Amino acid sequence: MNPTATVFVIALLFAVATAAPQPNQGTAEDTEPVVTLTTCGGHVDASSATIQFQLGGSIRADMRCVWIVQTPYFTQRFNLIASGLKETDGLYITAVSKAWLGYTDKLSSIGQNVTLTSRSAIITLIAGHAPTLGFKMEFYSSGSSISPDVTSHAILTTTKGNLTHPSNGGNYGNYENALFAIAPSVPGQPTLSFTRVDVESSGACLFDSVRIYNWFDGDYLQVAIFCGTTIPTSVTFQDGVGLVLFSSDSSVTGTGFDFQYE
Ligand SMILES: *[C@@H]1O[C@H](CO)[C@@H](O)[C@H](O)[C@H]1NC(C)=O
Ligand SMILES: *[C@@H]1O[C@H](CO)[C@@H](O)[C@H](O)[C@H]1NC(C)=O
């Protein structure tokens with residue numbers, strides 16, 4: 001190789017090295033969604049996804065669907081692609097932080113972006129009191145890497161049911177963040193009752209906690225937080241959907257809890 005060619009090759013290598021993404025700039029969005037979901041509700045653990053439900057078809061009145069989304073990167077962009085949803089329906093995006101829920105945004109117009117910086121998110125479909133039409137949305141994550149945050153989850157869609165956490169008995173772990181959605185696929189007003197609680201006790205339940213969120217008027221409202229062995233009063237999800245969020249810190253555990261709903 002002559003000296004001129006060597007200089008050229010070095011210059012080329014330098015240009016390539018300079019153009020390469022720097023680690024602290026994080027990861028770009030996928031060019032196309034890597035996963036597609038077409039069910040009412042579900043769990044997605046991917047860098048991007050298409051969620052389409054009854055696109056071109058109908059959705060029954062008062063239908064509720066909950067999707068739990070986990071992504072490997074900190075910034076999440078949700079975009080509405082196509083929609084037959086009406087003014088009285090809603091497709092909502094809620095940020096999930098460690099131990100509590102963040103704010104909720106409505107995704108209502110085609111092309112609109114809702115952008116969050118959070119570890120996980122919840123998508124909630126609320127159909128109004130009349131049959132409606134389906135939709136298609138996408139999300140993309142980008143930016144700095146984050147470790148998985150929701151350690152266990154369930155979306156309960158039967159008319160009545162129950163749940164024990166942890167499901168295999170014994171004590172729950174440290175650093176848990178367990179998210180349970182109650183969203184019966186036959187519209188109703190389920191009442192949630194805890195029957196056993198054994199969670200590390202502390203003043204304001206700052207260490208380990210169980211929170212109940214009741215969907216009301218476009219948002220999940222926290223209606224209870226408890227720990228120790230306190231059995232909270234029953235909660236009726238008058239708008240057909242609610243959440244239980246359990247979180248534990250770095251030490252001291254218990255045997256968890258049981259709840260039922262109908
Ligand atoms: C939504 O975000 C995408 C990607 O950043 C952008 O191309 C598009 O213009 C945005 N839409 C609106 C309505 O701002
Ligand atoms: C709890 O749910 C299971 C099905 O998931 C059912 O077989 C069982 O009878 C239920 N237990 C109670 C106490 O309702």
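The values are calculated or read from the model by the stated rules, or taken from the named source; none is laboratory data. In this text the structure is predicted, and so the values were computed from the model without any measurement. In this analysis, Cβ positions are derived from the backbone assuming ideal geometry, glycine residues included, and neighbour counts consider all displayed protein chains.
Just one of (1) out of contact with any strand residue (DSSP E or B) (no Cβ under 6 Å at 6 or more places or on another chain); (2) free of Cβ contacts under 8 Å to residues at least 40 places away in the same chain; (3) on the phi > 0 side of the Ramachandran plot; (4) not hydroxyl-bearing (Ser, Thr, Tyr) fails for GLY203. It is (3). Residue pairs whose Cβ atoms lie under 9 Å apart, sitting 6 or more positions apart in sequence or on different chains, and linking a residue in segment 230-243 that is farther than 15 Å from LEU101 by Cβ to a partner that is of a type in the set (Asp, Glu) and at pLDDT below 95, are ASP239/ASP217. Note on segment 107-122: among residues that are touching a Gly at 6+ places or on another chain (Cβ under 9 Å) and surrounded by 15 or more Cβ atoms within 10 Å (Cβ to Cβ), the one that is nearest to PHE180 (Cα to Cα) is ALA121. Comparison of GLY128, GLY169, GLY143, GLY134 shows that the only residue that is more than 16 Å from ligand 2 (Cβ to nearest atom) and either on the phi > 0 side of the Ramachandran plot or assigned by TED's automatic domain parsing to the domain that holds GLY254 (or both) is GLY143.
Selection of first residues in segment 144-161 that are of a type in the set (Asp, Glu) and of second residues that are not in a loop (DSSP other than H, G, I, E, B), restricted to Cβ pairs under 8 Å at least 6 apart or on distinct chains, gives the following pairs, ordered by first then second residue: ASP149/GLN70; ASP149/VAL96; ASP149/SER120; ASP149/ASN177. Within segment 96-137, the set of residues being modelled with pLDDT of 95 or more, away from ligand 1 (no atom under 14 Å from the Cβ) and within 14 Å of the chain's Cα centre (by Cα) comprises THR104, ALA121, ILE122, ILE123, THR124, LEU125. Taking the numbered list (1) without any contact (Cβ under 8 Å) to a residue 60 or more places away in the chain; (2) under 19 Å from VAL34 (Cβ atoms); (3) more than 16 Å from ligand 1 (Cβ to nearest atom) in turn, ILE81 passes all entries but (3).
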